[in-house]
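Quick notes on the structure that follows.
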2 protein chains.
Amino acid sequence: MPQGQPSVVPDDGLTTRQRRNRPLVMVHTGIGKGKSTAAFGLALRAWNQGWPIGVFQFVKSAKWKVGEENALRVLGASGEGGTVDWHKMGEGWSWIQRAPVEAADGADSNLVNAAKAREGWEQIKRDLAAQTYRLYVLDEFAYPLHWGWIDVAEVVSVLRERPGNQHVVITGRNAPAELVEFADLVTDMSKVKHPMDAGQKGQRGIEW
Amino acid sequence: MPQGQPSVVPDDGLTTRQRRNRPLVMVHTGIGKGKSTAAFGLALRAWNQGWPIGVFQFVKSAKWKVGEENALRVLGASGEGGTVDWHKMGEGWSWIQRAPVEAADGADSNLVNAAKAREGWEQIKRDLAAQTYRLYVLDEFAYPLHWGWIDVAEVVSVLRERPGNQHVVITGRNAPAELVEFADLVTDMSKVKHPMDAGQKGQRGIEW
């Protein structure tokens with residue numbers, strides 16, 4: 001709940017307005033809950049501004065976060081705010097007709113997922129270059145970075161050089177230090193207490 | 001991203017299903033970003049389940065979080081998911097025809113706000129008793145508790161005794177220890193880095 005007053009005024013030659021409208025890279029990391037939900041909450045604000053939103057979901061299961069997906073699809077189609085494109089790695093990205101790496105029986109599924117994750121990143125690069133969206137939600141993108149499937153230095157370089165006014169929010173545990181160093185806003189969600197610690201399993205409406 | 005396997009199985013006589021569907025009290029606290037946005041992200045899941053949602057916004061300004069409010073109003077009216085009632089303390093709660101404590105010139109505005117906050121809590125008690133909602137978003141409710149405007153022990157007692165299957169999420173810095181102790185799920189949002197530290201002011205689509 002920042003009250004709008006910066007604690008220091010930088011000597012960067014920018015006006016307050018220029019500084020205010022600077023595009024941000026935001027990271028939600030840590031082992032607690034709320035990394036993705038906060039990112040999708042942010043998407044509600046972007047939607048309300050009429051911004052085009054691109055969600056890239058770097059998760060294996062196509063069923064995850066179906067609540068957020070359905071809600072943002074309804075919002076995007078309502079004609080009242082911005083548009084929403086929702087891209088899922090789960091069954092293969094929608095822009096790819098045929099998965100280039102098929103999971104043959106016994107194939108290393110990590111190789112398949114690494115290839116899929118890189119395909120997602122390639123599309124993000126194209127969209128950033130084309131300024132397709134005003135807000136990018138790169139959900140669980142910290143994982144392929146952490147696992148070395150996508151080169152962190154390249155990601156930081158692409159984000160640094162992105163044109164226009166494009167905000168990017170990246171979620172996931174173990175966000176690499178190089179990304180945290182580069183990002184404008186970083187929040188660590190710490191677990192204080194979770195029902196699973198008390199033996200409770202996840203439930204609908206809460207976990208998905 | 002819990003994988004659905006509890007770390008311990010409690011000896012509480014409940015079946016997994018009973019335990020799974022146990023209503024939760026969730027707290028998002030800490031000085032970092034994402035406490036409210038994660039709560040509103042959670043509301044997207046509840047909406048997708050078709051649950052009636054009640055938002056009680058314990059903030060002074062009626063303009064705050066207008067993005068989330070507009071989005072949830074559109075979702076609630078879409079006919080595709082649950083309903084959404086959005087209650088704001090800002091200009092006086094909507095169910096109160098006339099503010100019982102008017103801010104006369106020179107009156108202590110904290111007294112006015114404390115009275116308004118208590119009115120909000122009284123309505124929440126009525127709604128919990130009537131099982132009006134399936135998810136309650138008590139946004140920034142930690143503040144009136146922290147400031148002593150509303151008695152924490154009473155809140156915990158009411159939440160403990162609430163009937164049916166009603167989930168409650170409470171946001172705000174400085175959640176009182178007694179509430180944290182009682183809650184099922186607590187996440188602390190820690191600030192690692194924030195643009196205001198670098199002299200940047202808040203901007204539309206991001207802060208509101």
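The other copies place their B:GLU161 label points at 6.5 nm from this one, listed shortest first, where each point is 7 Å from Cα along Cα→Cβ. Let a ≥ b ≥ c be the square roots of the eigenvalues of the Cα gyration tensor of segment B:21-190; is it rounded (a/c under 1.5), or, if not, prolate (a/b larger than b/c) or oblate? The shape class here is rounded.
Normalised by the number of residues in segment B:21-190, the mean separation of alpha-carbon contacts (under 8 Å, six or more apart) gives a relative contact order of 39 percent.
Can you list the trypsin sites (Lys or Arg not before Pro) in segment B:48-82 that are in a DSSP coil and have 12 or fewer other beta carbons within 10 angstrom? Mind dumping the intermediate values first?
Details: sites: B:LYS60, B:LYS63, B:LYS65, B:ARG73; in loops: B:LYS60, B:LYS63, B:LYS65.
Qualifying residues, ordered by number: B:LYS63.
Projecting 7 Å from Cα along the Cα-to-Cβ direction, the label point of B:VAL66 sits 3.6 nm from its equivalents in the other copies, listed shortest first.
Across the copies of the chain, B:ALA129 has label points (7 Å from Cα along Cα→Cβ) spaced 6.5 nm apart, shortest distance listed first.
For A:HIS87, the residues 5 or more places off, or on other chains, whose built amide H falls under 5 Å of its own are A:VAL55, A:PHE56, A:GLN57.
Values quoted throughout were computed directly from the atomic coordinates according to the rules given, and no laboratory measurement underlies them. None of these values were measured; they are calculated from a predicted model. A quick note on method: Cβ atoms are made from the backbone with ideal geometry, for glycine too, and the neighbour counts reach across all protein chains shown.
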